[in-house]
Structure formats: C-alpha cells, structure tokens
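Below is one structure, written out as structure tokens; comments come after it.
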Amino acid sequence: MNAPLPETGSAAVGALKMAGVLLAFTLIFTGLLALAEKWSRPAIEASQAAEKMKLINEVLPARRYLYDNDLLTDTLLLPPAPELGLDAPSLVYRARREGQPVALVLEAVAPDGYAAEIRLIFGITRQGTITGVRVVAHKETPGLGDYIDLKKDKDKKYPWILQFNDLNYPGVPDREWQVRKDRGRFYYRTGATISPRAVIRAVHRAAQFAAAQSERLFAASDSALLDTVTQDE
C-alpha cells in the first residue's frame, strides 16, 4: 500500500495548480484587453479626429473658405519655431481648393502670459488674412484675464478673441498690434492687460511667420520635417 504524500508535497502541488490558474487567467485577461483595445481604437481615433476638425473649423470655417481637401492628412511637421513661440515640433494644416492653396492653420504660443504660457491655434489665408484665433490652453486668472478664452469670455455678444477675425496682416501697421492703452487697435478689459498683450504679440509674430513662409509651407512635401523653414535664406 502506497504511503500518503507528505503535507509539504500536497502544498507544493496546490501552489503549482494555483499558479497555473493565475497564469491562465492573466493570459485570457490580457487577450481580452488587447481585443477590446483593437475594437475600440477606430472609435477613439475617429473621436479624436472629430475634435481636431471641430477646433480647426472654429478658426477656419469650411463653409466660408470652401476648402475641399482633408486637413488632417495634408499636414507638415515643423521643427521648433521661435517665431511661433514653439520649442518643440508642431503641425501645420493646409487647406486647398481644387489643389490650389487657400489657407494654413498653425499652432503658436505666447510665452509671456500673466500666469504661464498661452497656447493658441490660428488660421490665415494665403493672402495674409487671419481667419480666426483660439486659445486652447492657459492658466490666466479666472474671471479677470481669462476672457482671452472664447469659452470663458463672459461677453458673448462681443468676445474679445474675435477681434482677430478677418484682420489682414499686411494691412495692419506693426505699431497697431497693441492694446488701445498702448495706442494700438485692440480693445481690452480694465485691470487685465497682460493676457491680451501676450496674445496680440503672439498672433502678430505668427502672422509674420505664416506670411513670409506661406509659399514654402504649401509647396513642401507632405509630413516633411522642414529644417530650413525657420532659417534665413
């Protein structure tokens, strides 16, 4: 008659069985997560693309400028551009109509906000007319300097950021790119001039850059890293 297994042997066998069960559970769970991610990825990517296009359409309304290409695929990757206040690569979206250049949508940063840098996105036509500007990230004082953000501006009739709409950069003298307090053309809210000054300067620099580089930006190969765009000829 065989002797019973020692208790230590039974514990070892039990531990091995438990380890096997845990391993099987881990593999099954990992596989299910991978499948779930695979199934949900198209929906997530579609949602992200929709959000991007919503923002782009705010600064470059498709119904008004009638571009017919896909801006999310007709892009350029710019190297860090001091003119745009950017110390990291950024995307430029290019609008075309029947293959012809219409406008650009670029990112920019105002590094001198009251609390921190102010991140922007703006559109500009090939002729230098600003089609729209939006603040996409900032830390300006709530209720005071945050009126630069369309969503937080309490004046819904005359939002501050809409002053840039249809502004033709070549037609505005450099000295006018200031708040009225500084003898410029842009109005501001009493007690909060640092934030609008920062945005105005950033938009001015970005418009200069876009106007100077427009032909090269439209002509460059898709998704090319333009190492020479921000350098002098």
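The values are calculated or read from the model by the stated rules, or taken from the named source; none is laboratory data. Since the structure is predicted, the reported quantities are computational estimates derived from the model, not experimental observations. Using ideal geometry, Cβ is built from the backbone for each residue, glycine included, and neighbour counts are taken over all protein chains shown.
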*Which members of the range 186-214 meet the condition of being more than 15 Å from residue 161 (Cβ to Cβ) and under 18 Å from the mean Cα position of the chain (by Cα)?*
205, 209, 210
*Which of the residues that make up the range 94-141 are among the hydroxyl-bearing types (Ser, Thr, Tyr) and modelled with pLDDT of 95 or more?*
125, 129, 131
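Using the structure shown, decide if residue 55 is in contact with a Lys or Arg (Cβ under 8 Å, 6 or more places away or on another chain), not assigned by TED's automatic domain parsing to the domain that holds residue 211 and not basic (Lys, Arg). Lay out the reasoning, then the answer.
Working: in contact with a Lys or Arg (Cβ under 8 Å, 6 or more places away or on another chain): yes; not assigned by TED's automatic domain parsing to the domain that holds residue 211: yes; not basic (Lys, Arg): yes.
Here the answer is yes, as residue 55 does meet what is asked.
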_Out of 152, 157, sole residue that is farther than 21 Å from residue 118 by Cα and in a loop (DSSP other than H, G, I, E, B)_ = 157
_I need a count of the residues in the range 169-202 that are assigned to a helix (DSSP H, G or I) and among the polar types (S, T, N, Q)._
1
*Would you please name the residue that is farthest from the chain's Cα centre (by Cα), looking only at residues in the range 84-108 that are surrounded by fewer than 16 Cβ atoms within 10 Å (Cβ to Cβ) and of a type in the set (Asp, Glu)?*
98
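Out of the residues in the range 109-127 that are of a type in the set (D, E, K, R) and touching a strand residue (DSSP E or B) at 6+ places or on another chain (Cβ under 8 Å), which is surrounded by the fewest Cβ atoms within 10 Å (Cβ to Cβ)? I'd like the intermediate steps shown before the answer.
Here is the first cut: in the range 109-127, the ones of a type in the set (D, E, K, R) are 112, 117, 119, 126.
Keeping just the survivors that are touching a strand residue (DSSP E or B) at 6+ places or on another chain (Cβ under 8 Å) gives 117, 119, 126.
Values: 117: 16, 119: 18, 126: 18.
Within the range 109-127, the match that is surrounded by the fewest Cβ atoms within 10 Å (Cβ to Cβ) is 117.
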*If residue 127 satisfies every condition in (1) more than 14 Å from residue 203 (Cβ to Cβ); (2) part of a strand (DSSP E or B) but one, which is the exception?*
(2)
*Can you run down the residue pairs with Cβ atoms below 7 Å, 6 or more apart or on separate chains, where the first is in the range 96-108 and under 16 Å from residue 221 (Cα atoms) and outside the structural domain of residue 165 (by TED's automatic domain parsing) and the partner is surrounded by fewer than 24 Cβ atoms within 10 Å (Cβ to Cβ) and small (Gly, Ala, Ser)?*
none
*If you go through the range 144-193 one residue at a time, how many are in contact (Cβ under 8 Å) with a residue 24 or more places away in the chain and surrounded by 17 or more Cβ atoms within 10 Å (Cβ to Cβ)?*
14
